[in-house]
Amino acid sequence: METLFDKIIKRQVPADIVFEDELCLAFRDISPQAPTHILLIPKKPIESMAKLNTEDQALMGHMLLTAAQIAQSEGLSEEGYRLVVNTNSAGGQSVYHLHMHILGGRQMQWPPG
Ligand code: DGP
């Protein structure tokens with residue numbers, strides 16, 4: 001099923017895009033929970049972490065490295081930042097297209113809510 005994030009990939013819904021390559025897209029969250037809050041998504045429409053399989057191994061590695069590069073380019077690396085992947089309903093996922101939240105620019109707390 002097509003999600004909002006598929007529409008952002010296809011430029012049918014506007015977004016503040018900060019990075020794109022052939023495999024993934026990153027854009028600023030519409031409801032930021034930190035001074036920097038970016039969503040990194042694969043272009044492949046994977047619903048959630050729970051739907052990953054072994055063929056996604058290289059893509060997921062690419063996404064982690066891309067998240068680190070985006071954090072670096074946003075100036076977050078030295079102070080630190082948080083990556084979050086909310087998964088399914090108990091994980092707090094609301095858009096069923098796998099996405100990594102890159103959050104930074106403030107002190108994070110633990111445990112998360
Ligand atoms: P999650 O709750 O983990 O599924 O995160 C979904 C995120 O998507 C949430 O932080 C808000 C963000 N979001 C929802 N609608 C839009 C939108 O139209 N544009 C952008 N840029 N972000 C959105």
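A few notes on this one:
- Scope region 55-73; condition crowded, with 16+ Cβ neighbours inside 10 Å and either aromatic (Phe, Trp, Tyr) or within 12 Å of Ala26 (Cα to Cα) (or both); matching residues: Met63, Thr66, Ala67, Ile70, Ala71
- Cβ-Cβ contacts under 9 Å between residues 6 or more apart (or on different chains), taken from a first residue in region 1-23 that is aliphatic (A, V, I, L, M) to a second residue that is part of a loop (DSSP other than H, G, I, E, B) and away from the ligand (no atom under 13 Å from the Cβ), are listed as Met1/Pro45; Ile9/Lys43; Ile9/Pro45; Val18/Glu74; Leu23/Lys43; Leu23/Lys44.
- Looking across region 53-75, the residues that are more than 15 Å from the chain's Cα centre (by Cα) and of a type outside the set (S, T, N, Q) come down to Glu55, Asp56, Ala58, Gly75.
- Of all residues making up region 101-113, the number that are in contact with a Lys or Arg (Cβ under 6 Å, 6 or more places away or on another chain) and part of a loop (DSSP other than H, G, I, E, B): 1
- Region 74-100, residues that are exposed (fewer than 12 other Cβ atoms within 10 Å of the Cβ) and either more than 10 Å from the ligand (Cβ to nearest atom) or in a helix (DSSP H, G or I) (or both): Glu78, Glu79, Gly80, Ser89, Ala90
- Among residues of region 7-49, those that are of a type in the set (Gly, Ala, Ser) and in contact with a helix residue (DSSP H, G or I) (Cβ under 9 Å, 6 or more places away or on another chain), counted: 3
- Among the candidates Phe5, Phe19, Phe27, the residue that is of a type in the set (A, V, I, L, M, F, W, C) and touching an Asp or Glu at 6+ places or on another chain (Cβ under 6 Å) is uniquely Phe27.
Read the figures in this text as sums done on the coordinates, not as results from a lab. As the structure is a computational prediction, the values presented were derived from the model and not from experiment. Methodologically, a virtual Cβ is constructed for each residue, glycine included, from the backbone with ideal geometry; neighbour enumeration extends over all protein chains shown.
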